[in-house]
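The values are calculated or read from the model by the stated rules, or taken from the named source; none is laboratory data. No experiment lies behind these values; they were computed from the predicted model shown. Don't worry about glycine lacking a Cβ; one is built from the backbone with ideal geometry, like all the others, and counts go over all protein chains shown. The protein model used for the area step is the full one, side chains on, heavy atoms only, and it has no ligands, DNA or RNA in it. Shrake-Rupley method; radii C 1.70, N 1.55, O 1.52, S 1.80 Å.
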Amino acid sequence: MVYKAHRLAAVVVASLVLLFAIPDCVSGLVLPTQTEQRPFFFRHSCPRTPSSPPSSFEMTSKRFPKLKNDLLLRAARGEKTERAPVWIMRQAGRYLPEYRKVRAQHDFFEICRTPELATEVTLQPINRFDGLLDAAIIFSDILIVPQALGLEVEMVPGHGPQIPHPLVTPKDLDRLTEKVDVHKELQYLFDAITMTRHALNGRVPLIGFVGGPWTLMSYMVEGSSTKQWAKVKTWIFKYPEASHDLLQKITDVCVDLLVGQARAGAQMLQVFDSWSGELSPRDFEEFALYYLTQIADRVKSELGVDAVPMTVFAKNSWYALEALSTSGYDVVSLDWTQSPTYARSVTKGRVTMQGNLDPNVLLAGQDVVVEETETMVKEFYSGDKSTRYIANLGHGIMQNVPVENVEAFLKTVHRVSRQIVKGDSGEDEVDASA
């Protein structure tokens, strides 16, 4: 009888949670710790680990509002779309006056670590460009991974992210946390994702992300952004074994973090390896591609039937486009140094292409923005209505871009891609529910 009473009470509680699944009640729920990962040795024979059983949190997540605009997800999966979906890397950020208001009152990482603030900032571009953006991307930062590993990271005004005590020699690896529990160290991100999914109310899908292992290692060794890469390249040539140990440790955290984001409500995932283009083709394969491929394989394996589309962005790695097209990702994001024609010839429809307007174009007049965007969209399609394509910039938006130019970019993508795909004028098409 006691057992039955407990079961009845559990059912009642679960029902109430599902009935009143709003941000305030789900943000404090905790995911179960991920299963232990065995060492990864072969790129295409990644060890499989069983997915954790669904928790009450995950069951509650199934009560998310119904998605009204799935254009991005369909494009990522290679399905037919009425036009090209469009979003912007760093779309929630300093170019928005409403973001600057929040930032004036809160530290950058305070916003990242406060689900209510992260949700507010994530929704700012969705609200401002209502009906024009086809995705939200959670407000966070790739450097929360080094933080979880035990390194201090500061956001210094005018200088960007700084790691005051970077890794200098392999002995410094002892300073890192041996096994990171992302649900203990980074639960705030999962809470923010769940809260944001509810706040979006199904308007657009939500994207989660991490930095690529090579880019994160570069920050951890260099201590900040750099133009010479001398310290991190010294590591891979002088300490190759220690470099792989560090990259593997970072990869393990990234896998757990991406899986956790998907289970918290992210409907698509992106890996930003923004500095991988500083590697030679051979070094890229060994120190970047190996770990990027591992991430895609392991994340999809752990999520199983609940796997979400994944995007890889390896900036300036044009020489690796063929390899990236077969690395397990659904979408390959392109920077502006690769022409759409070249990308089409290499990817051959195996993946969805994303990009790739030069962010600096948005600093020009609106007539230039419209002209350059039209050219980009037309070249990606190149007369083929079935082209797998997501419009975006070739990197993150810059802080001094006029918001009017952003709107012009988004509206042009809508209009031109609809003209190509459906053959109509597209002049009245401004909503994202098409």
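Observations on the model:
- Excluding same-chain neighbours fewer than eight residues apart, the lysines reachable from residue 80 by a Cα-Cα span under 19 Å are 68, 348, 378, 385, 422.
- The range 299-366 - accessible surface per residue (Å², probe 1.4 Å): 34 Å²
- Computed over the range 71-174, the convex hull of the alpha-carbon atoms projects to a mean area of 9.2 nm².
- Report note on the peptides 88-101, 382-395: ranked by the mean count of other C-beta atoms within 10 Å, highest first, their order is 382-395, 88-101.
- The range 308-434 shape via C-alpha gyration tensor axes, a/c threshold 1.5: oblate
- Residues in the range 351-358 carry Karplus couplings, in order, of 9, 7, 8, 10, x, 8, 5, 4 Hz; the curve used is 6.51 cos²θ - 1.76 cosθ + 1.60 with θ = phi - 60°, and Gly or Pro positions show x.
- Rounded percent of accessible protein surface that carbon and sulfur make up, the range 243-379, 1.4 Å probe: 51 percent
- In this rough spin-label picture, where each label sits 7 Å from Cα along the Cβ direction, the residue 371-residue 337 distance is 2.6 nm.
- Three-way shape call for the range 218-265 based on the alpha-carbon gyration tensor, with the a/c threshold at 1.5: oblate
- Put simply, the amide H of residue 390, placed in the peptide plane, has neighbours under 5 Å in 353, 354, 355, leaving out anything fewer than 5 places away on its chain.
- Cut-off 12 Å, label 7 Å out along Cα→Cβ of residue 384, residues of the range 345-376 by amide N: 345-353
- If you sort the three axes of the alpha carbon gyration tensor as a ≥ b ≥ c, you get a/c of 1.5 or more for the range 214-348 and a/b no higher than b/c, which makes it oblate.
- Calculated from backbone phi, Karplus (6.51, -1.76, 1.60) coupling profile of the range 379-385 in Hz, x at Gly/Pro: 6, 5, 6, 6, x, 9, 5
- Across the range 315-324, computed HN-Hα scalar couplings (Karplus, 6.51 cos²θ - 1.76 cosθ + 1.60, θ = phi - 60°) run 4, 6, 9, 4, 5, 9, 4, 4, 5, 5 Hz from first to last residue, x flagging Gly and Pro.
- Modelled spin-label separation between residue 169 and residue 98, with each label point placed 7 Å from Cα along the Cα-to-Cβ direction: 5.2 nm.
- The number of Lys pairs in the range 136-263 with C-alpha atoms less than 21 Å apart, excluding pairs fewer than 8 positions apart on the same chain, is 11.
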